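Participant: What follows is a structure written as structure tokens; I'll ask about it next.
Here, each number is a calculation from the coordinates, and none is a lab measurement. Bear in mind that the values here come from a model prediction, so they are computed numbers and not experimental data. Cβ sites come from the backbone with ideal geometry, for glycine too, and all protein chains shown count toward neighbours.
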Amino acid sequence: MYPTYQISKLQDVVISLHIVRGQIVINEEQIVPMDILSKRLRERAEQLGISNAEAARRVGLDERRYAHYVAGRREPDLAILVRIPLSLGTTPNWLLGVPGHADAVAETTDLLERFANAANGMTLEELQLCIILAEAIVAAKTRR
């Protein structure tokens, strides 16, 4: 069995995670590939306008060690996995690619915008048909 760690979040949400064969398993459900971590490390440094060397300095790590994380060649231990986002002004969830509430709202907004754009090209009859279909989907969900 792999060791499991409990991380208490700012909002008193507790998640458990462990690293298994190059993937982070969160709450026994969500598997986060380590390549997401390396991608997000590069993305965060770019957002901050800093180099990997500066990011490593802020986190308190040797440049070479941090470069291994950025390249996806090494996996950080739990203490480092918590320290990196705190030092770079982000959250562990974002760094690991765990979708949050803001991501869900943004995705819903994008989908509604796409639907509205498509609806502009529909006839009144086609639009009514789409609404009936949407209502049927919601009604089917409530019956389960």
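Participant: Going through segment 54-74 one residue at a time, which ones are of a type in the set (Val, Ile, Thr) and under 20 Å from the mean Cα position of the chain (by Cα)?
Facilitator: Within segment 54-74, Val70 is the sole residue that qualifies.
Per-residue answers, yes or no, for (1) closer than 15 Å to Lys39 by Cα; (2) surrounded by 12 or more Cβ atoms within 10 Å (Cβ to Cβ); (3) in contact with an Asp or Glu (Cβ under 7 Å, 6 or more places away or on another chain); (4) among the polar types (S, T, N, Q):
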site	(1), (2), (3), (4)
Ala67	yes, yes, no, no
Gly72	yes, yes, yes, no
Leu86	no, yes, no, no
Ala118	no, yes, no, no
Gln128	no, no, no, yes
Ala139	no, no, no, no
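Participant: Working only within segment 88-113, note down all residues that are exposed (fewer than 12 other Cβ atoms within 10 Å of the Cβ) and either farther than 30 Å from Asp35 by Cα or of a type in the set (Ser, Thr, Tyr) (or both).
Facilitator: Result: Thr108, Thr109, Leu112, Glu113.
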